[in-house]
1. Check each of the chymotrypsin sites (Phe, Trp or Tyr not before Pro) in the range A:149-187 and keep only those in coil by DSSP with at most 10 other C-beta atoms within 10 angstrom; list them in order.
2. Which whole number in µm²/s is D for the range B:5-499 by Stokes-Einstein, with the Kirkwood Rh taken over Cα pairs at 10 °C and 1.306 mPa s?
3. Based on the Cβ-Cβ distance of A:Q286 and B:R495, what FRET efficiency does E = 1/(1 + (r/R0)^6) give at R0 = 41 Å, to the nearest 0.05?
4. Is the shape of chain A rounded, prolate or oblate, going by the alpha carbon gyration tensor and its root eigenvalues a ≥ b ≥ c, with a/c under 1.5 for rounded and a/b larger than b/c for prolate?
5. Rounded to the nearest 500, what is the 222 nm mean residue ellipticity of chain B from helices alone, with -39500 (n - 2.57) per DSSP H run of 4+ residues and division by all residues?
6. In percent, how large is the relative contact order of the range A:2-466, given Cα pairs closer than 8 Å and 6 or more residues apart?
7. Simple spin-label model, 7 Å along Cα-to-Cβ: B:S155 to B:Y66 in nm?
8. Strictly over 30 Å apart at the Cα level, which of A:K147/B:K158; A:K147/A:K440; A:K211/A:K416 would you flag in this model?
Amino acid sequence: MGTDFLILMKQEWMVIAIIFILMFIKIGSNEWKNERILNLVNILLLINFILGLFWNQEGTLFNEMYKTNPLIVAEKNILSLGTYIIALQAYSWLKNHQHVLEFYILLLSTLVGMFFMISAGNLLMFYLGLELSSIPLAAIANFDLEKRKSSEAAFKFIISSAFSSGLLLFGISLIYGLTGTLTFTELSQHLNGNPLEIFAFVLFIAGFGFKISAVPFHLWTADVYEGAPVSVTSYLSVISKGAVLFVFVSILYTVFKPIAITWYNILFILSVLTMIIGNLFAIRQQNLKRFLAFSSIAQVGFILVGISGASREGSASVVYFVLIYVFSNLGAFGVVGLVSALSGKENIDDYKSFYKNNPLLSWVLAISLFSLAGIPPTAGFFGKFFLLISGAGQGNYLLITIAALNMIVSLYYYLKVIKAIFMDPNDNPIEKLAIPASPKLALFICVAGIVLTGLMSYVYEYIYSLATSF
Amino acid sequence: MNLSALIILPLATAIAILLARGLKQVRTLALIGSTGQFLMSLGLLWAYWKERSAGNTSQFLFEFDYAWFAPLNIHYHIGVDGISVSMILLTAFVVIAGVLVSWAQDNMNKEFFFLLIFLSLGAYGYFISLDIFTLFFFLEVAVIPKFLLIGIWGSGKKEYSAMKLALMLMAGSALVFVGLVGLYFNTDVNGAHSFDLVAISKMHIDIASQKLFFPFAFIGFGVFTALFPFHTWVPDGHSSAPTAASMFLAGISMKLGGYGCLRVATYLMPDAAQAYAPIIILLSTIAIIYGAFATMMQTDLKYINAYSSVSHCGFVLLGIGMLTKTSIIGAVMQMVSHGLMTALFFAAIGMIYSRTHTRMVAQLGGLLKSIPIISTVFVIAGLCSLGLPGFSGFVAEMTLFMGSWQNADQWYRLATILACASIVVTAVYILRAVGSAIMGPVRDKHFNNLTDASWNERLAAGILIIGIVAIGIAPFWLNQLITPGAEHIMEHLGRAVSMK
């Protein structure tokens, strides 16, 4: 039991250890310069990611409250990698910030919360993890203390998050009342699709819908993404969303398996709405953060298509897509964050003729956007293709036709940004930006990930081998 | 012969270009790379003949199969038959000519040549793919370079044209995607779904699904090859693109569509192809007639060639729709011939434009006196376009019309007659353009001081003219190259009829 306890929860322990190290530094020393702290955090997060790759075991703890298996470990590694990239990118923003340590302590607490949430084998554990992962996020969304928009964003986030948690809790309590258990394995045997269960399930979906910002529960997203600092926004849109998607798939595929037909129909409607609304609103955006917010809403629509496949391909392609999404979205946010931190510009119009002075950053942004749009040879193409294939596995060609048409709309607005960068004339383009080493490394990782994750089929095959059949 | 070299060589060239500095290095690398492609395609032709004359009758040669995404049964499966070899030859000819024509492209030269070479990579990969996932992958690889080439280096309303082209081609590939996925889920190869072209062709997909997914695939590929009414990107895209990009667009990229219509849509869904043939013929006849008359009204040389491309690519689809062996051979020959001819045409227009700074027919005149070589090139391209014997256009169109006439249905014959009649219109607009822009009095005295074609332009035009004349004077080799592939398609179609 003793070593099990350590090894099964190794990723949680690692992150908690990092939090404690940071706390000791906070208490023990005021002398440390920001650069030193940031470099230390980056190294620790890298170690966290690398150690996450070893000693993978399968098992449960605490009476099935906590479970882990190679797929869950891989999901956590994806989140650790994403957090590492975000930490690298946050360098230029946090370099002159007063509260660097607090930022990372809060950020890593949410990461621990997500780890527990993914590993949950019990609805209570799941709920605890979810709360731990969302409340500190509100605090860091407000981390640019002097900006009013930032506080507005944090406030919107905490309220919508509390509301969705309320819905989820109501759903959980109804399910508990109906079945008398909270354990996933037992729940799946007790559910039989009576109307009250469906009602509870709808509450569940609504709660999840808020967290992954699926239409019609997406209204908070754009404002929060715009107001929060770029690093927090990227964390929200990639890590936090990815974690919830992982849990969403595993809960749908195990606990709610008996009512698969019900949730298939719900997902169908949700995914169509999410793709269409996300895409149509993205066309109108001027602010790049808002733009990426709506594009990420549309991406969730595609992910829901993949989830609706209800197959081994479905769960594998979702994990695979989230990995690709980590690289592509962080690549885009990385450039936007860098430009915003160094020049304060965030509008698409400011990016006109961006290529003139910053060719490297332009290509990174372009490659990331192509990957988001699903253009080969970037990984996004493979990710989208596999999501849609698994969605079509149910024989619903209408759904994938709608999805394929939505890809054209999404290509339009991604190309609008590309057009601004490469083609539009501008008398006063953004100056040449000096990129510090760690954001450079982050962008390099993103581009390498975008290029390699797709072409190297090994990654998909590995994830597929971990995914359990439906 | 290892076909993957056709992908690796452009890739290596493109990477080398990224590392190079300055126009001289970049263009030298691009020329070396495209010469390598050229030699490799000739080597492929030679190897192909050798195999065939040694009695190798298997449908595809030089096959290579590697399980790419094993869980989904996606393979990197490549191989060629005569149809693909002729397409690869066409691509190599156009690429080397395109690189030579852009010799003086100084503005953002590295990006320009990188995108050109990258585009050729997509085309080669597409033509050698025997797995429809891989095929689709390469089809889409070729879309974005076109967008950037037109949008950055184009002229006129370039952003609009680039966006229109990218979105319409993307819409085409979205339709293709639905068609392919529909095919995939209706296959059963050893208990699993498959994207493999050969495996799918051996099984029979039920007719209802064929009828459902054929339009997706055919229209999707059709968008690439200017199927009426989805041809509207062609005039804008071609006229705004820089010279080399126009050549690539008309010479290679539109052929991707024709090849896909034949190889994927018609070959894999033969029943549906027969069922929908009247619609295909109707649309392609409209495209032929409409394209020809629309060309009559154009005053810009590039628009003239772009609209005539709509008309000429209509012949390709007409040949596919007629579903006889000769008409399919004719369609493939027309693809090769049109690719070479239109690339030559755009090259000549580019050379004229870079000297006179106008493409309007009314402002040009008497060019034969000042720039005789370029004018001759232009005239040769024009004569090939109107189907003068001795050039490839005549051979291709003749084969195509003969094949079409073999289809005995009276409405099909009416369509054939109408298509033949359009050649007269072609002659009118070509001769009018030649007469007023090349012959006649010198319209502008600045024209007297123009310099004639430089060595690179002569070489580019020479290579394309050799291709055109080689087909025009000795068409038999091309015919023989294509025939086995066309026979396989016919055999498949015949089997489909008997199953009904």
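The values are calculated or read from the model by the stated rules, or taken from the named source; none is laboratory data. Keep in mind that this is a model prediction, so the values were computed, not measured. Here the Cβ positions follow ideal geometry from the backbone for every residue, glycine too, while neighbour counts run over all protein chains shown. Note: areas computed on protein heavy atoms with side chains; ligands, DNA, RNA excluded. Shrake-Rupley method; radii C 1.70, N 1.55, O 1.52, S 1.80 Å.
1. In loop regions of the range A:149-187 (DSSP not H, G, I, E or B), there are no sparsely surrounded chymotrypsin sites (Phe, Trp or Tyr not before Pro).
2. 71 µm²/s
3. 0.10
4. Taking the square roots of the gyration eigenvalues as a ≥ b ≥ c, chain A is oblate.
5. Calculated from helices alone, the mean residue ellipticity at 222 nm is -24500 deg cm²/dmol.
6. For the range A:2-466, the relative contact order is 15 percent.
7. So the two model labels end up 4.3 nm from each other.
8. Result: A:K147/B:K158 exceed 30 Å.
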